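The values are calculated or read from the model by the stated rules, or taken from the named source; none is laboratory data. Just so we're clear, the structure is a prediction, and the values are computed from it rather than from any experiment. Glycine gets a Cβ as well: all are built from the backbone with ideal geometry, and neighbour counts include every protein chain shown. For the accessible areas, the whole protein counts, side chains as well, though only heavy atoms, and no ligand, DNA or RNA atoms are used. Shrake-Rupley method; radii C 1.70, N 1.55, O 1.52, S 1.80 Å.
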Amino acid sequence: MTGPLFAIVARDLRLTLGRGSEGLVTVFFFVLVVSVFALALGGDTALVARAAAGIIWTAAVLSALLTLESVYHRDYADGTLDLLLLSPLSPWHIVAAKMLSHWLLGGALLLPAALVAAPLLFIPAAALPVLLLSLLFGTLYLSLLGGLGAALTLGSRRPGVLLVVIVLPLYTPMLLLGGMAAAAALAEMPVRPYLLLQAALFLAALPLAPAAAAVSLTTNMRSS
Amino acid sequence: MAKRLFSSTLSFADVACIRGNRLLFQNFSASLAAGGVLRLAGANGAGKTSLLRIVARALPHAAGRILWDGVNILENENIAHNARFAFLPADDRDLKLLETARENLHFWAVLWCIENSAAAIDAALAAMGLSSLADTPVRVFSAGQKRRLSLARIILKQCPLWLLDEPFNALDDAAIDLLSQAMAAHLAAGGMVMMATHHHPDIKNMQTAHLAAAQVAA
């Protein structure tokens, strides 16, 4: 099963990167949002440092939302999704592959981008490992739930706003834990419980989100 | 005499289809043995595409049974059914324009777990007369060349049942000959073909079913 799954991921990466700038837009957006915050808060070092975790997480959520609509959209619009769902590969695997490509083209790139953004927000180097680990779970979780949201809104006339309204509430637990983990790291408090809870959220979403999205896509195909 | 690869049978019993609130057809019955061809005819909107999609389970049926080797495929949610058919949509939008012909086929060869894929891809391209365009991006293909590539994908899948929606669209005479040869080879191997077309291809033992609402067909 892994061959076909990675064929889908590899094709998504190749086609997206083949279109040039599109692949990196998430990263630039992320760094820009962080810099806008840093600039808008002026030179108040203490204020920026205190808000740093919140700013990083807000920027990560916004940049992931930016590309969610396109998780299935291109394959849906050109009929490839139909043929994929009519292949012997299970819909769960197809959806999981799509979510993995979304993460590789967005969330995964935010980890190095966060390293670039950290000095802008006066985040000390000691807090970086925790921030990165927490962002790793957070971005994976966002791609899973975002892929579910994109599946639910596929074919609707204006999916953008609907998608945000569906995905953001689902994302709040991860956002809370991520913010708390980062705050604890900055205050040099124990971070383990927050990271473990983040990992647990991710592991719960890992089988469930693709399963729900698969049902949604199959139903969508059979009713269109 | 070609080697017989497939020996499955397909039969329809009183299949009906409703789209929206409209009854497209009902009491559709037909049967196909290994090597059989069923041409679906009927006016635009009679439900030819819908019937093909019902066989692929991409559309719900309103009533009836479709038996594959005697087993109703409409009741058991068995993903293995998807390995039995190759589906040709009426348009060729699903080809990725940025990829070459070979890359397009390679993706599906991996997805379908085709053994010996490089040789199989070359054979499928050759069968539709696309060998010289194998490494050309599909974005510069003409409508007929795209159709040939979609048909090469059907050949590549090496499965018992071909579900073809308007296979002759945009094809020139040479391509129609190539498709007829490919179809003959598929049938000689024991395969089955269901196609929706207004053409009258010259194929031995072809059955034609006329789809129309509230009428017993075939």
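Worth a mention:
- Accessible surface of the range A:2-223 [probe 1.4 Å, protein heavy atoms]: carbon and sulfur percent: 75
- Computed P(r) (all Cα pairs; chain B; 5 Å bins; percent): 1, 7, 15, 19, 20, 16, 12, 7, 3, 0
- With a 1.4 angstrom probe, the accessible area lost at the A-B interface totals about 2400 Å².
- Efficiency of FRET between B:LEU97 and B:ALA123 - r from beta-carbon atoms, R0 25 angstrom, step 0.05: 0.55
- The range A:126-161 and the range B:30-56 have Cα centres separated by 42 Å.
- With Cα atoms, 0 to 90° folded angle of helix A:107-117 axis to chain A main axis: 20
- Residues with amide H under 5 Å from that of B:HIS210, placed H, sequence gap 5 or more: B:ALA41, B:ALA218
- Pairs of Lys residues in chain B that lie 8 or more places apart, or on two chains, and have C-alpha atoms under 19 angstrom apart add up to 5.
- Folded to 0 to 90 degrees: helix A:91-105 orientation relative to chain A principal axis, Cα: 40
- Evaluated over the range A:86-131, the Cα radius of gyration and Dmax, each in Å: 16.6, 51
- Accessible area of A:MET180 in the full protein assembly, 1.4 Å probe (Å², nearest 10): 90
- Centre separation in Å (Cα based) which lies between the range B:148-191 and the range A:54-95: 32
- 5 angstrom amide H check on B:GLU99, placed H, neighbours 5+ away: B:VAL138
- Given charges at Cβ of Lys, Arg, Asp, Glu: chain B dipole, positive-most of B:LEU171, B:LEU59, B:GLN145: B:LEU59
- In terms of overall dimensions, the C-alpha atoms belonging to the protein assembly as shown reach 84, 47, 34 Å along their principal axes, ordered largest to smallest.
- In sequence order, calculated HN-Hα J values of the range A:133-140 (Karplus, 6.51, -1.76, 1.60; Hz; x Gly/Pro): 4, 5, 5, 4, 5, x, 6, 4
- Residues whose amide H falls under 5 Å from that of B:ALA63, counting only those 5 or more places apart or on a different chain, are B:ALA16, with hydrogens built in the peptide plane.
- Chain B - mean residue ellipticity at 222 nm from DSSP helices (-39,500 (n - 2.57) per run, n ≥ 4, rounded to 500): -8500 deg cm²/dmol
- In this Cβ point-charge picture (+1 for Lys and Arg, -1 for Asp and Glu), the range A:1-112 has a dipole of about 180 debye about its Cα centre.
- Positive-end residue of A:LEU65, A:THR45, A:LEU177, charge dipole of chain A with Cβ unit charges: A:LEU65
- In chain A, helices alone account for a calculated mean residue ellipticity at 222 nm of -27500 deg cm²/dmol, with every DSSP H run of four or more residues adding -39,500 (n - 2.57).
- Kirkwood Rh, angstrom, the range A:2-223 [1 / mean 1/r, Cα pairs]: 18.0
- Placing +1 on the Cβ of every Lys and Arg and -1 on the Cβ of every Asp and Glu, with no other charges, gives the protein assembly as shown a dipole of roughly 420 debye about its Cα centre.
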